[in-house]
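The structure appears right after this line, and notes come after that.
The values are calculated or read from the model by the stated rules, or taken from the named source; none is laboratory data. Just so it is clear, the structure is predicted and the values come from calculations on it, not from any experiment. Here the Cβ is made from the backbone with ideal geometry for all residues, glycine too, and neighbour counts use every protein chain on show. Please note that ligands, DNA and RNA were not included when accessible areas were found on the heavy atoms of the full protein model with its side chains. Shrake-Rupley method; radii C 1.70, N 1.55, O 1.52, S 1.80 Å.
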Amino acid sequence: MNNNTENEPIKVSFVTLGCAKNLVDSEKMLGLLGGAGFMLTGPDTPCDVTIINTCGFIEEARDEAMENIEEVLERKRQGQTKIVIVTGCLAQLWQGELLEKQPEIDAVLGLDRRDKIVGIVNELLSDSGLANNLQVTKGEFRDVANDQGRLRITESCWGYLRISEGCDQKCTFCTIPFIRGNFRSKPMDAVIEEAKELANDGVVELNLIGQETSGYGQDLNDGYGLAELLVELNKIEKLKWIRVLYVHPATLSDKIIEAMAKLEKVVPYIDIPLQHISDNILKLMNRKLTKSQTIELLEKIRKQIPDVTLRTTMLVGFPGETDDDFAQLLEFVKECRFDALSAFMYSFEKETASAKLPGHIDEETQIKRYDAIMTTQQEIAFELADELTDKTIDCMITSALFDDEADELGLDPDYRWVTGRHQGQGPEVDSVCYITVDPDLELTSGDILPIKIIGRLDYDLVGEIA
Ligand code: SF4
């Protein structure tokens, strides 16, 4: 047990920002710290050490990270915490610059310091604690992390499985390759070991993540790719649902689509960020596909996986985006009717190739285009949700809904409610299903039940056990 001078367990609090990959890093550090006997506490509890795992890929994310860092440093000034450690993508991207901006930070740790967190915390807590400690490896982050031994902070029945790190696609607007390095796959046996560990830890829904999951195996030279990996994961008995997130249209091969269509546990769900559709912009973004190739690919997916849920991400306001380019994008979104769509406004990132392009779009136009695409998608999402009314679909029960939460949502608090998701609803990014259940019914997180959809609350569905 790691105890402080009053012989009490050393309390560590964690703030996790950013994407699912960052969440896995947080879970790994929590696993290491918990395993070393540190007491893990909630964000508002007085503690000895606070770790902020940051995101840094666009300006908005960096602003959010700096706000969280300032909040925690204010807690340090008030004696609510002693040591403040900043990890994650912003630490990797800004390195010493972050200490210059916030010199009260006790340590800025690069991504390759993740697994050394216990030693670093003990070093900082020891009397000879080093102030203003910058620990970032110069140059590229190259590790292929072993994510086993995590302390998961997701709902118990689902978890993330990172299968690769970094990216080679070099989209001209993206900073991620500058932060997470070149593409590298996690060896197949390590992925399967980790999947088994998660399944034994209660995970029934496995969500595969990486910057570009469809490129899995391209660097392993053993002929194994995502299709072969899915075949192996499909054999893990305790798993019921396997979901693939973050595919790239350029590496989503026929073989992968066939495997997804054929394998029983692989849910008919494809998260395929397309970013845009006009040939002019796709070329400037270095997205490797043309408009006609993209449309052909989506038609192929819908033909081979008829009940597929398609989620995508679009970027509006890219330098040089004309009214016609945007009109093409809006028309495409109307015609394609994605089940779910997230949009981002272009963020000026000085490291990226697009920063040097002419024709940067003013903020007002960016906002107008963002609102237009999200309003269009909202109509589609509501129509698709309404089409599910009176239908019965399998949903996985993920958590209980407390009366005050139900009340806040406008659900009748006199009923018992739980939250669930059907196969077309991915964790954290998509809508959910609120399900009314018999007060005496025994339920476990991860149970899959036939749910009759009786209505919707904006994007979310409302159902009852069929
Ligand atoms: S594929 Fe994704 S992570 Fe890779 S460069 Fe493009 S946007 Fe960035």
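Before moving on, here are some points about what is shown:
- Complete set of residues in segment 377-394 that are out of contact with any Lys or Arg (no Cβ under 6 Å at 6 or more places or on another chain) and open to solvent by less than 30 Å² (accessible area, probe 1.4 Å): GLN377, ALA381
- The condition of being open to solvent by less than 50 Å² (accessible area, probe 1.4 Å) and part of a loop (DSSP other than H, G, I, E, B) does not hold for THR50.
- Check on GLY79, among the small types (Gly, Ala, Ser), surrounded by fewer than 16 Cβ atoms within 10 Å (Cβ to Cβ) and modelled with pLDDT of 95 or more: yes
- Residues satisfying the stated conditions in segment 295-305, i.e. open to solvent by less than 20 Å² (accessible area, probe 1.4 Å) and either modelled with pLDDT under 95 or in a helix (DSSP H, G or I) (or both): LEU297, LEU298, ILE301
- Taking segment 438-460 as the range and being touching a Lys or Arg at 6+ places or on another chain (Cβ under 7 Å), surrounded by fewer than 20 Cβ atoms within 10 Å (Cβ to Cβ) and not in a loop (DSSP other than H, G, I, E, B) as the test, only ILE448 passes.
- Answer residue from segment 172-186, given it is near the ligand (Cβ under 10 Å from one of its atoms) and not aliphatic (A, V, I, L, M) and is most open to solvent (accessible area, probe 1.4 Å) among those: PHE178
- Among helices (runs of 4 or more DSSP H) entirely within segment 58-105, having at least 2 residues that are closer than 21 Å to LEU23 by Cα and among the aliphatic types (A, V, I, L, M) singles out 59-77, 89-94.
- When segment 337-362 is filtered for residues that are without any contact (Cβ under 8 Å) to a residue 24 or more places away in the chain and surrounded by 12 or more Cβ atoms within 10 Å (Cβ to Cβ), only ALA355 remains.
- Residue match in segment 282-289 (condition: open to solvent by 10 Å² or more (accessible area, probe 1.4 Å), in the same structural domain as GLN378 (by TED's automatic domain parsing) and farther than 27 Å from ALA227 by Cβ): yes
- Residue in segment 282-289 that is at pLDDT below 95 and within 16 Å of the ligand (Cβ to nearest atom) present: no
- Lone qualifier among ALA190, ALA199 - being among the hydrophobic types (A, V, I, L, M, F, W, C), open to solvent by less than 10 Å² (accessible area, probe 1.4 Å), more than 16 Å from the ligand (Cβ to nearest atom) and within 20 Å of VAL24 (Cβ to Cβ): ALA199
- Residue match in segment 141-157 (condition: open to solvent by less than 50 Å² (accessible area, probe 1.4 Å) and within 16 Å of the ligand (Cβ to nearest atom)): yes
- Selection from segment 241-294 of residues that are acidic (Asp, Glu) and either over 23 Å from GLU335 (Cβ atoms) or part of a helix (DSSP H, G or I) (or both): ASP254, GLU258, GLU264, ASP279
- The single condition from (1) more than 13 Å from the ligand (Cβ to nearest atom); (2) in a loop (DSSP other than H, G, I, E, B); (3) touching a residue at least 60 places away in the same chain (Cβ under 8 Å) that GLN169 fails is (1).
- Whichever residue in segment 243-267 is more than 16 Å from the ligand (Cβ to nearest atom) and surrounded by 17 or more Cβ atoms within 10 Å (Cβ to Cβ) and, among such residues, is nearest to PRO427 (Cα to Cα): ARG243
Okay, residues lined up against (1) more than 21 Å from GLU193 (Cβ to Cβ); (2) in contact with a helix residue (DSSP H, G or I) (Cβ under 6 Å, 6 or more places away or on another chain); (3) small (Gly, Ala, Ser):
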{"residue": "GLY217", "(1), (2), (3)": "no, no, yes"}
{"residue": "LEU226", "(1), (2), (3)": "no, yes, no"}
{"residue": "ASN234", "(1), (2), (3)": "no, no, no"}
{"residue": "LEU252", "(1), (2), (3)": "yes, yes, no"}
{"residue": "ALA261", "(1), (2), (3)": "yes, yes, yes"}
{"residue": "ILE277", "(1), (2), (3)": "yes, yes, no"}
{"residue": "ASN286", "(1), (2), (3)": "yes, no, no"}
{"residue": "THR294", "(1), (2), (3)": "yes, no, no"}
{"residue": "LEU298", "(1), (2), (3)": "yes, no, no"}
